[in-house]
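Each remark here refers to the structure printed beneath this line.
Each reported figure results from applying straightforward, stated rules to the coordinates on display, with no laboratory input. Computed from a predicted structure; not experimentally measured. We place every Cβ from the backbone using ideal geometry, glycine too, and count neighbours over all the protein chains shown.
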Amino acid sequence: MFDILVYLYETYFRPDACPEPAALARKLSAVGFEDDEISEAIVWLTDLTEMAGADTSATEVALSTGTRFYVQQEYDALGSDAVGFIQFLESAKVLSPVQREIVIERALVLDESPVSLGKLKIIVLMLLWSQGKEPDALMFDDLFGSDDEQAPRLLH
C-alpha cells in the first residue's frame, strides 16, 4: 500500500490532479500494482481525504497548546520513534493538533505494531498532500529522507 501512496505523491503534484477512485484503480493496475494493494490504498486515502477535509473550525482544538498524552495501546501501536517524531513535527509547527490526531488515527489503522518511522513519514506527507500543503525544503528532506540507521547525518 505504501508503494502506491508514494507513487501517487510523486506522480500527482496536487491531490485534485489525481483521478477518481475507479480511474485511479485502472491506472495503478496498468502500472503494475496488485488489485488488493490498490483497493487498500484507495480506501486508506479516501478515509484520509475525508478526515483532512473535515470541518476543522473547532478553534479551541486548532489553537491548543496542551500536551498530548498517549494511552498505552496507542504508545504500543505507534512505538517510541513514531511518538517522538510526531512530537517533533508538532513542535516544529509542521503539524497542528488536528493534523496530529489525523496522523495518529491513520497510523493506528495499519496492521503494523510498532509503526515504522518510514511509514509514519509517508502518512505525514500524504496528509499534507491531501490538504494541498507542501513542507519546506528542510522538512521535506527529513520526511522523505533515508531512515538508514547505519548512515548518520553529518552536521556541516
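In plain terms, if you count all Cα to Cα distances in the range 1-52 and split them into 10 Å steps from zero, the share in each step is 25, 66, 9 percent. Taken along the Cα-to-beta-carbon direction at a fixed 7 Å, the label points for Leu108 and Glu10 span 3.2 nm.
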